[in-house]
Amino acid sequence: SQQGEEDPQALSIQEGENATMNCSYKTSINNLQWYRQNSGRGLVHLILIRSNEREKHSGRLRVTLDTSKKSSSLLITASRAADTASYFCATDAGAILTGGGNKLTFGTGTQLKVEL
Amino acid sequence: EAGVAQSPRYKIIEKRQSVAFWCNPISGHATLYWYQQILGQGPKLLIQFQNNGVVDDSQLPKDRFSAERLKGVDSTLKIQPAKLEDSAVYLCASSSPLGERRTQYFGPGTRLLVL
C-alpha cells in the first residue's frame with residue numbers, strides 16, 4: 001500500500017518560479033526521503049530528512065518535516081526546465097537493521113512541468 | 001563508480017509466459033531491492049535482500065514471482081506465469097552500510113508489457 005500521498009498530483013510552472021510539493025504519510029517514521037524520476041535518468045535520490053529534523057537544505061532544494069502533522073514539503077527554488085520530472089516522497093518506517101538500508105514506502109508522486 | 005545495472009530494458013510477452021529480469025548492484029552494496037512500479041504510481045517494494053538472505057518479501061506474490069541473489073551479488077527476479085496486471089516497470093536498487101545508510105541507488109528499470 002502507498003504510505004505517502006503527494007499533493008498536488010500535477011504542477012505546471014514557468015522557469016524561474018518556485019515549486020512546492022507536499023507529502024502526507026500515516027505512520028511514525030525513521031526518516032523521509034524525496035526522489036526524482038524522469039525518463040532520462042531513472043529514479044534519483046534528492047534529499048533525506050530524519051524524524052528529529054525540521055528543515056534541511058541542499059542546493060535549490062528545501063525540505064521541511066512536521067512529524068506532528070505527518071507531513072513534509074519539498075520546495076524547489078528558481079526552477080529550471082531540467083527540473084521537469086515526477087517527484088516522490090518515500091518514508092522509512094522499518095525496524096533498524098544493521099549493515100544496510102531499510103524498507104521504503106513511496107507515495108504516488110507529483111508531476112512537475114517547468115516551461116520556458 | 002558504476003551504477004546499478006539492469007537487463008533487459010524492455011520486454012514484451014504474452015500472458016501465461018515466463019520472464020526473468022537481472023540486476024547487478026553497485027559494487028560493495030550489501031542490500032538489494034526489487035520494486036514494481038505500475039504506471040501512474042510510486043514504486044512498491046517486492047523483495048529486499050541483505051547479502052544473499054531475504055529480509056522482506058511480504059509484498060511478493062509468491063505464487064508467481066520468485067527472486068534469488070546467489071553469492072550475495074547479482075539478483076534475478078522471475079515471473080511465471082505472467083498476468084496482464086504484471087505490466088509495469090521493475091526497478092532494482094541497492095544500498096551500502098557505509099556513508100548514508102538510508103540512500104538507495106536505483107537502476108534504469110525493466111519495462112514489462114504483458115499482452
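The values are calculated or read from the model by the stated rules, or taken from the named source; none is laboratory data. These numbers come from a predicted model, not from an experiment. Counting neighbours? That spans all protein chains shown, and the Cβs are built from the backbone with ideal geometry, glycine included.
Yes or no, residue by residue, for (1) closer than 25 Å to A:GLY16 by Cα; (2) touching a Leu at 6+ places or on another chain (Cβ under 6 Å):
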| site | (1), (2) |
| --- | --- |
| A:ASN31 | no, yes |
| A:LEU43 | yes, no |
| A:GLY59 | yes, no |
| A:ARG62 | yes, yes |
| A:SER68 | no, no |
| A:THR77 | yes, no |
| A:ALA82 | yes, no |
| A:THR91 | no, yes |
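With respect to the conditions (1) farther than 19 Å from A:GLY107 by Cα; (2) within 14 Å of chain A (Cβ to nearest Cβ); (3) of a type in the set (Gly, Ala, Ser); (4) surrounded by 14 or more Cβ atoms within 10 Å (Cβ to Cβ), B:GLY53 falls short on a single one, namely (4).
Of everything listed in (1) surrounded by fewer than 20 Cβ atoms within 10 Å (Cβ to Cβ); (2) in a loop (DSSP other than H, G, I, E, B), the single unmet condition for A:ASN102 is (1).
Cβ separations smaller than 6 Å between residues 6+ apart or across chains give the following pairs from the stretch B:52-67 residues that are without any contact (Cβ under 8 Å) to a residue 24 or more places away in the chain to residues that are part of a loop (DSSP other than H, G, I, E, B): B:ASN52/B:ARG69; B:ASP56/A:LYS103. When only residues in the stretch A:1-24 that are within 14 Å of another protein chain (Cβ to nearest Cβ) and in contact with a Lys or Arg (Cβ under 7 Å, 6 or more places away or on another chain) count, which is modelled with the lowest pLDDT? This residue is A:GLN3. Meeting the requirement of 1 or more residues that are closer than 17 Å to A:GLU6 by Cα and either more than 10 Å from chain B (Cβ to nearest Cβ) or among the basic types (Lys, Arg) (or both), the strands (runs of 3 or more DSSP E) wholly within the stretch A:25-91 are A:31-38, A:42-50, A:61-66, A:71-76. When the stretch B:8-45 is limited to residues that are of a type in the set (Gly, Ala, Ser) and either within 14 Å of another protein chain (Cβ to nearest Cβ) or without any contact (Cβ under 8 Å) to a residue 60 or more places away in the chain (or both), the one that is nearest to A:TYR35 (Cα to Cα) turns out to be B:GLY42.
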